[in-house]
Every structure is written in C-alpha cells, then in structure tokens.
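To start, the structure under review is shown below, and the notes come after it.
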Amino acid sequence: MYQSNQDNTVNLSKVNRPRLALTLGDPAGIGSEVILKALADSAIGQNCDVTVVGSKDLLIKVYERLNAANLANPEELKVMDVPLDSEVADNIIIGNGNAASGAASFAYMEYAIASTLSGKFDAIVTGPIAKSAWKLAGYNYPGQTELLAEKSGVNRFGMLFVARSPHTGWTLRTLLATTHIPVCQVADTLTPELLTRKLDLLVECLAADFGLKNGRIAIAGLNPHSGEQGQLGTEEQDWLIPWLEQERQKRPHWQLDGPIPPDTMWVKPGQAWYGNASIQNPADAYLALYHDQGLIPVKLMAFDRAVNTSIGLPFVRTSPDHGTAFDIAGQGIADATSMKAAIELAIELVTTQRTSALT
C-alpha cells in the first residue's frame, strides 16, 4: 500500500489529528467492506479522526452478513448517518448498482463535501462509485472529481495518482491532463492553455504536498513515437514541442523531459518500481495526456496500492484506485489495501500542508 512518511504521522496529538470524512461510495459495491476492513487496523485510528459518511444501518448489515473478525464494528465507529428516502433505501441491493444506489452514493458525497467546506473535516476519502448508477439517478457527472470541483467552486483541478513501491520505496506520481472523456475527443481537448494549467497544478502540488521545489517532470507525447517528426501525427510539431520549450524557460528549477514517446515513457518508472539496480534518476512526476495513457501503467504496477488524489481543491481528497466491484460485493473477499493507502495518504497530505503553512 502507499506507506506514509512516518515522521509526519506518528505521535500526532489527539487534538491535531487530521479529521477525515470517509464516504461509503456506492452501497451496492465493496465500499462498506473495504472501509470496515481498513478501520479494523488500529494504527489507522491513532493518526487521524475518522468519520464514516453514509448509512449506518447498511454498514451494520454488511458487518453482520460477513461476520468476519477482520472488520471494524460499526457500533464503535463515528458515523455521519445520511438520511435516505425510504424508496431509495429499500431498493439498494448488494451487488446490483442501480438508481437507488447511485442516489445514495451521491447523497453521501454531498454531505461530506458540505461538511468539509464548513470546516468539520480536513479531508475526504471517497469510496468507489458507479458513474452509470449516478446517471440512472439523474446525476450527469463524469466522476466524483468533477462534482468535488463544482461544489468547491474551482475550475483548476486535476487527478493525480500516487503510489509507493513496496519493493524500493520509490513514489510514483502521475497526473492526467484529460480525464473522463472519449478518446476521440482527446486531441481536440488538449491545448497549450490546458497543459499549462495542469503543469501549474502539478508543480504547486509537488511543493505543497510533497516538499519538492525542484526536480524532473516527464511529459508524454500524444501520438505513437511522439509523432515521428510529423509522420504519425502533427500535434507534437504544431504546438506541443513549442509549448514545452516555453515552459522550460518559465520554470528554471524544473527539468521538463518530453514529449516522450508514450510506449517508452513508462520503462524507467517500471524499473524504479520493481528495483532494477541500473535505473538512474527517475522523474519525480509524470504528466500523461489522457486517461488510459496514464492509468494503464499505474494500475499495472500498483493496482492495489495506487491512490487517486484530487489536486486544486481547497481540501485534501483521496480515493482508492479501484471501482465498485459489484461482482464480488458481499462475499468478504474485497482487498482493502488501496483504501488503507488512501487514508494514509490523506493523513500525510493534511499533515504536510499544515507544516507548509507554518513555514
């Protein structure tokens, strides 16, 4: 899992522990199970003050159904019990994402966001939701990130995926320039202005959240072989390379590598992740231009360890990098590693931001 910087997280006083809101996500999925498994680890509660945002009766039903020793007892947890319409509550079926489960997960998010913006929490850790269930419930958002940004009133935001290698301790950080859009729209959506906003966010995040004021950022090309000098696509020649040259002049403290051919950009991070002794100087962060270009390698290396964190928000938000897994919901076999990693990263980011604010 993502392992927190222990110097930042141990020995936190009870008063100063980061206050986290954990949303259940889609109640028909594995969110309740992985949260109860994660919170069964006593070390988690030592370093943060956790409130589960959702339906307490659903948590109890999952706890009783699974009847496992590795689950936290909901009766012993702090729960913000979100009221649901009786028709919604009665139609939630484990393993079957539908309009009712979508309405419930949306309500959990709204409560968590409003409570965090009012100062009750320092961070939100979100359980997985099903975008299709949101749509069935009448909520047309590409994902939780976009809802968080809208409710927070920000238009500069991004999806950063973070994972720490269990083999080497090296940290992989991957930002997506575009997120939940069809592949056919990627080339038209990408612009110099968009990439500048994303790169600004990434540099700010590396400084505020990870203490990196300089280093290397690798930036992917769009086309195979980064266009092969215009033979396999012209975006690199037309604007991506000139844009990158301008950014290098603006950011003398950062080495900006690219545009790197997408099929080779992930060789060095793979070597750094698995412990190849010959790897030297991997990048501090990677900027991928579209969803699958960044997330296929991230999930290949760190499927059970990667954490999605939304940058650009007025609070910390993290999430496990997996979905609702309706097919295994209620069976007691869901892996809570990524949920624990999301909680640990939220603790670390809140603590680092507090420290940065004092310096």
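The values are calculated or read from the model by the stated rules, or taken from the named source; none is laboratory data. These numbers were taken from a predicted model, which means no experiment stands behind them. Don't worry about glycine lacking a Cβ; one is built from the backbone with ideal geometry, like all the others, and counts go over all protein chains shown. For accessibility, only protein heavy atoms count, side chains too; no ligands or nucleic acids. Shrake-Rupley method; radii C 1.70, N 1.55, O 1.52, S 1.80 Å.
Electrostatic bookkeeping for Tyr286 treats Lys and Arg as +1 and Asp and Glu as -1; over the other residues with beta carbon under 11 Å from its beta carbon, the sum is +1. Spatial offset of the range 205-235 relative to the range 65-134 amounts to 37 Å, using the alpha carbon center of each. Springs join every pair of Cα atoms under 10 Å in this Gaussian network model of the chain, and among Val316, Val82, Val125 the largest mean-square fluctuation is at Val82. Placing dummy labels 7 Å off each Cα toward the beta-carbon, the span from Ala357 to Asp263 is 4.8 nm. By DSSP, the beta bridges lying fully in the chain are antiparallel in about 35 percent of cases.
Put a dot 7 Å past the Cα of Thr191, heading toward its Cβ, do the same for Asn214, and the two dots end up 3.3 nm apart.
Of the residues Ile124, Ile94, the one with the largest accessible area comes first in the ranking Ile94, Ile124, computed with a 1.4 Å probe on protein heavy atoms.
Taking Lys and Arg as +1 and Asp and Glu as -1, the other residues whose beta-carbon sits under 13 Å from that of Val307 total +1. The share of accessible area on the range 24-149 that comes from carbon and sulfur is 46 percent, using a 1.4 angstrom probe. Scalar couplings 3J(HN,Hα) for the range 329-344, obtained by applying the Karplus form with A = 6.51, B = -1.76, C = 1.60 to θ = phi - 60°, are 4, x, 9, x, 10, 5, 8, 8, 4, 5, 5, 4, 5, 5, 5, 5 Hz; x denotes Gly and Pro.
Round to the nearest 10 and report in Å² the accessible area of Thr352, as given by a 1.4 Å probe over the protein chains' heavy atoms. Accessible area of Thr352: about 20 Å².
Estimated at the nearest 10 Å², the accessible area of Arg19 is 80 Å² with a 1.4 Å probe.
Sorted from largest to smallest, which semi-axis lengths in Å does the alpha carbon gyration tensor of the range 1-160 give for its equivalent ellipsoid, taking the root of 5 times each eigenvalue? Before the final figure, lay out the partial values.
Working: eigenvalues 126, 90, 35 Å².
Each semi-axis is the square root of five times an eigenvalue, giving 25, 21, 13 Å.
How many angstrom lie between the Cα centre of the range 271-304 and the Cα centre of the range 236-259? Computed from Cα coordinates, the inter-centre distance equals 21 Å.
Would you compute, from DSSP H runs of 4+ residues alone, the mean residue ellipticity of the chain at 222 nm, taking -39500 (n - 2.57) per run and dividing by the full residue count, rounded to the nearest 500?
-12000 deg cm²/dmol
When the residues Tyr108, Tyr63 are ordered by accessible surface, computed with a 1.4 Å probe over the protein chains alone, the sequence from largest down reads Tyr63, Tyr108. Taking each of Lys151/Lys268; Lys213/Lys268; Lys56/Lys213; Lys198/Lys340; Lys131/Lys340; Lys37/Lys268 in turn, the alpha-carbon distance tops 32 angstrom for Lys151/Lys268; Lys56/Lys213; Lys37/Lys268. Net charge of the neighbourhood of Ala163, taken over other residues with C-beta under 12 Å away and scored Lys/Arg +1, Asp/Glu -1, is +1. Could you give the distance between the Cα centres of the range 171-188 and the range 315-359, to the whole Å? Centre-to-centre (Cα) distance: 21 Å. Mark the label point 7 Å from the Cα of Glu76 along Cα→Cβ and return the residues of the range 15-50 whose backbone N is within less than 20 Å of it. Only 20, 22, 32-50 pass the distance filter.
The distance between label points at Asp85 and Glu204 comes to 3.8 nm (points 7 Å beyond Cα on the Cα→Cβ vector). Solvent-accessible surface of the range 70-171, taken per residue with a 1.4 Å probe and all protein chains present: 43 Å². Look at the Cα gyration tensor of the range 33-122: its axes a ≥ b ≥ c give a/c of at least 1.5 with a/b at or below b/c, and that counts as oblate. Of the residues Asn140, Val186, Leu206, the one whose Cα sits farthest towards the positive end of the charge dipole of the range 136-213 is Leu206 (charges of +1 on Lys and Arg Cβ, -1 on Asp and Glu Cβ, taken about the Cα centre).
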